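**Student:** Right, I'll just put the structure down here and ask away after.
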Ligand SMILES: [Zn+2]
């Protein structure tokens, strides 16, 4: 199983990254986690044609995680896709995508089935998935996911306030990918909806993960460096990825 970081920036896309989005792939299966930027182009850069994509898995219905959904479906229509596409996520995220879908009349265009599924979907292709609920904003439910395939376990904690309670499925992850909104000195503000770099590192330590990647990070390079140093202070194998890095 390979994880490719298609984007690692927070709500503000920037020069070196689009909003956070991941590709989870095995020899048989490819899953796009959240849809931002120019999704077809990003997938091509990661070596996957959107025609062969098996599923779109959504973490939540906030704009920076779903806005490119209609563009992805539109590109599949332009390519005459016939293979069904799974779109999975919680009710709010699916509702937003269905709204886009009907607003742009994609339902009248496309020649393939969309298989809408809930966030607790257990398996896509040869990738086993466990979902867990996270707190982000009171009105927006967020799902994190653990992916297992090829003897590897990867857990993704998207936009959320770290609770330091590790979902059982995420224990012993080879890679833990966690959002981080800033430094712990700004914890009071950040913890209204996000996690600090220190808290993400504590999560990785508590989960007994092998590596930690911080995503959904701010644009400022100096702040990123300080966040990474803060995380490495408690969890040495912490990193901030670059765009299109394979983890
Ligand atoms: Zn976000």
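**Student:** I need the full set of residues from segment 28-59 which are assigned to a loop (DSSP other than H, G, I, E, B), touching a helix residue (DSSP H, G or I) at 6+ places or on another chain (Cβ under 8 Å) and either over 22 Å from residue 11 (Cβ atoms) or free of Cβ contacts under 8 Å to residues at least 60 places away in the same chain (or both), in order please.
**Tutor:** Matches in segment 28-59: 35, 36, 38, 49, 53.
**Student:** Here's something else I'd like to know. Conditions first: (1) more than 16 Å from residue 36 (Cβ to Cβ); (2) within 16 Å of the ligand (Cβ to nearest atom). Residue 118 passes all but one, so which condition is the exception?
**Tutor:** Just one mismatch for residue 118, condition (2).
**Student:** From the residues in segment 1-24 that are under 14 Å from residue 155 (Cα atoms) and more than 16 Å from the ligand (Cβ to nearest atom), which one is surrounded by the fewest Cβ atoms within 10 Å (Cβ to Cβ)?
**Tutor:** 2
**Student:** For segment 73-88, give me the residue count where each residue is crowded, with 21+ Cβ neighbours inside 10 Å and in a helix (DSSP H, G or I).
**Tutor:** Result for segment 73-88: 2.
**Student:** I'd like to know if segment 162-183 contains one or more residues that are in a loop (DSSP other than H, G, I, E, B), free of Cβ contacts under 8 Å to residues at least 12 places away in the same chain, within 23 Å of residue 62 (Cα to Cα) and within 16 Å of the chain's Cα centre (by Cα).
**Tutor:** No: segment 162-183 contains no residue that is in a loop (DSSP other than H, G, I, E, B), free of Cβ contacts under 8 Å to residues at least 12 places away in the same chain, within 23 Å of residue 62 (Cα to Cα) and within 16 Å of the chain's Cα centre (by Cα).
**Student:** Could I ask something else about it? Going through segment 107-131 one residue at a time, which ones are over 24 Å from the mean Cα position of the chain (by Cα) and under 17 Å from residue 51 (Cα atoms)? Walk me through how you get there before you give the answer.
**Tutor:** Initial filter on segment 107-131 (over 24 Å from the mean Cα position of the chain (by Cα)): 107-112.
The answer is 109, 110, 111, 112.
**Student:** Any idea which residue in segment 212-231 is surrounded by the most Cβ atoms within 10 Å (Cβ to Cβ), counting only those that are in contact with a helix residue (DSSP H, G or I) (Cβ under 8 Å, 6 or more places away or on another chain) and under 26 Å from residue 23 (Cβ atoms)?
**Tutor:** This residue is 231.
**Student:** Condition first: surrounded by 18 or more Cβ atoms within 10 Å (Cβ to Cβ) and either part of a loop (DSSP other than H, G, I, E, B) or out of contact with any helix residue (DSSP H, G or I) (no Cβ under 7 Å at 6 or more places or on another chain) (or both). Now tell me which residues in segment 93-109 satisfy that.
**Tutor:** Within segment 93-109, 94 is the sole residue that qualifies.
**Student:** Return the residue satisfying two criteria in turn: it lies in segment 211-231 and is assigned to a loop (DSSP other than H, G, I, E, B) and under 19 Å from the mean Cα position of the chain (by Cα), and of such residues it is farthest from residue 158 (Cα to Cα).
**Tutor:** It comes out as 219.
**Student:** Looking only at segment 60-86, which residues are within 16 Å of the ligand (Cβ to nearest atom) and either under 13 Å from residue 43 (Cβ atoms) or in contact with a helix residue (DSSP H, G or I) (Cβ under 6 Å, 6 or more places away or on another chain) (or both)?
**Tutor:** At the first step, the residues of segment 60-86 found to be within 16 Å of the ligand (Cβ to nearest atom) are 60-69.
60, 61, 66, 68, 69, listed by residue number.
**Student:** Can you say whether residue 142 is under 16 Å from the mean Cα position of the chain (by Cα), in contact (Cβ under 8 Å) with a residue 40 or more places away in the chain, at negative phi and within 16 Å of the ligand (Cβ to nearest atom), as far as the supplied structure shows?
**Tutor:** yes
**Student:** Now for a different question. Just one of (1) part of a loop (DSSP other than H, G, I, E, B); (2) free of Cβ contacts under 8 Å to residues at least 12 places away in the same chain trips up residue 112, so point out which.
**Tutor:** Only one criterion in (1) part of a loop (DSSP other than H, G, I, E, B); (2) free of Cβ contacts under 8 Å to residues at least 12 places away in the same chain is unmet by residue 112, namely (2).
Quick note: the coordinates plus some simple rules give every number you see, no bench work behind them. Everything numeric in this text was worked out from a predicted model, so none of it was measured. Methodologically, a virtual Cβ is constructed for each residue, glycine included, from the backbone with ideal geometry; neighbour enumeration extends over all protein chains shown.
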